Amino acid sequence: MRRASVLRLGHRVPRDERASTHLALAARALGAEELIYSGDRDPELEAKIRDVVGRWGGGFRITYTDRPLEILRRYSGQGYATVHLTMYGVGINDVMDSILRREKVLVIVGGEKVPRVYFEEADYNVAVGWQPHSEIAALAIFLDRYFQGREVDTVDPYPPTIVPMKRGKLVIRPGSGGSDA
Ligand code: SAM
């Protein structure tokens, strides 16, 4: 089973609050298992995402790092393909076949200017088109290609839970955002 983690560089409070929230939500909804972010530590961002996970289910994680380059190196050492999304990279259509041979990816996205070392150390520098747009759009397209469309086919990825009751029926359905009785 394919696995994807996302490393978001240089989160800035307050400027990136919405973008990083949307990045985390897109990562979770489109099949990634975690978002690791660097830059400004943002407990509100973490709380928002954990709240969504609590209400909608799944095991998505959000964690902060002040050593993002170590994350790249550690994941690389664990067999992850490290994929830096950048408009200056090689076209996604030209490298996807090669990336699809790898069972685990760490996808790296920037905010402001990405330090050169990431271009040098990532296994792939991948452009989703060669126009500037956004980390959210680039990540969404990349994950959809990596999971080959399967993540958007899954209507209810999280199994319903039956709450035992003396009388009546209560089923919690995290994937549909609520419960039914
Ligand atoms: N000039 C930057 C660049 O290197 O792509 C654009 C900065 S953009 C505000 C923030 C992030 O969005 C980038 O670091 C990159 O991860 C992603 N991004 C933006 N446009 C992209 C593109 N065409 N292809 C891949 N990633 C892109």
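So the check is Cβ under 9 Å with 6+ separation or different chains; which pairs have a first residue in the range 132-153 that's at positive phi and a second one that's outside any loop (DSSP other than H, G, I, E, B) and surrounded by fewer than 19 Cβ atoms within 10 Å (Cβ to Cβ)?
148/100
What tally of residues in the range 75-104 results from selecting those that are away from the ligand (no atom under 14 Å from the Cβ), at negative phi and not in a helix (DSSP H, G or I)? Full working, then the answer.
Initial filter on the range 75-104 (away from the ligand (no atom under 14 Å from the Cβ)): 75-81, 97-98, 100-104.
So of that shortlist, the ones also at negative phi come out as 75-78, 80-81, 97-98, 100-104.
So of that shortlist, the ones also not in a helix (DSSP H, G or I) come out as 78, 80-81, 101-104.
Qualifying residue count for the region: 7.
What pairs can you find where one residue is in the range 87-113 and hydroxyl-bearing (Ser, Thr, Tyr), the other is within 13 Å of the ligand (Cβ to nearest atom), and their Cβ atoms are less than 9 Å apart, with a gap of 6+ or different chains?
88/119; 88/125; 88/127; 88/130; 98/124
Spot the failing condition for residue 154; the list is (1) part of a loop (DSSP other than H, G, I, E, B); (2) touching a Gly at 6+ places or on another chain (Cβ under 9 Å); (3) over 20 Å from residue 29 (Cα atoms), and only one is missed.
Going through (1) part of a loop (DSSP other than H, G, I, E, B); (2) touching a Gly at 6+ places or on another chain (Cβ under 9 Å); (3) over 20 Å from residue 29 (Cα atoms) one by one, residue 154 breaks only (3).
Just one of 140, 122, 127 is near the ligand (Cβ under 9 Å from one of its atoms) and surrounded by 14 or more Cβ atoms within 10 Å (Cβ to Cβ); which is it? Let's see the steps before the verdict.
Details: 140 fails: near the ligand (Cβ under 9 Å from one of its atoms); 122 fails: near the ligand (Cβ under 9 Å from one of its atoms).
So the residue among 140, 122, 127 that is near the ligand (Cβ under 9 Å from one of its atoms) and surrounded by 14 or more Cβ atoms within 10 Å (Cβ to Cβ) is 127.
Got at least one residue in the range 33-54 being modelled with pLDDT under 95 and either outside any helix (DSSP H, G or I) or closer than 18 Å to residue 115 by Cβ (or both)?
No, because not a single residue in the range 33-54 is modelled with pLDDT under 95 and either outside any helix (DSSP H, G or I) or closer than 18 Å to residue 115 by Cβ (or both).
Assuming residue 107 fulfils every condition listed in (1) of a type in the set (Val, Ile, Thr); (2) part of a helix (DSSP H, G or I); (3) closer than 17 Å to residue 34 by Cβ apart from one, which condition is it?
So the condition that residue 107 fails would be (2).
The values are calculated or read from the model by the stated rules, or taken from the named source; none is laboratory data. Given the structure is predicted, the values throughout are model-derived calculations rather than measurements. Quick reminder, even Gly has a Cβ in these numbers, built from the backbone with ideal geometry, and neighbours come from all protein chains shown.
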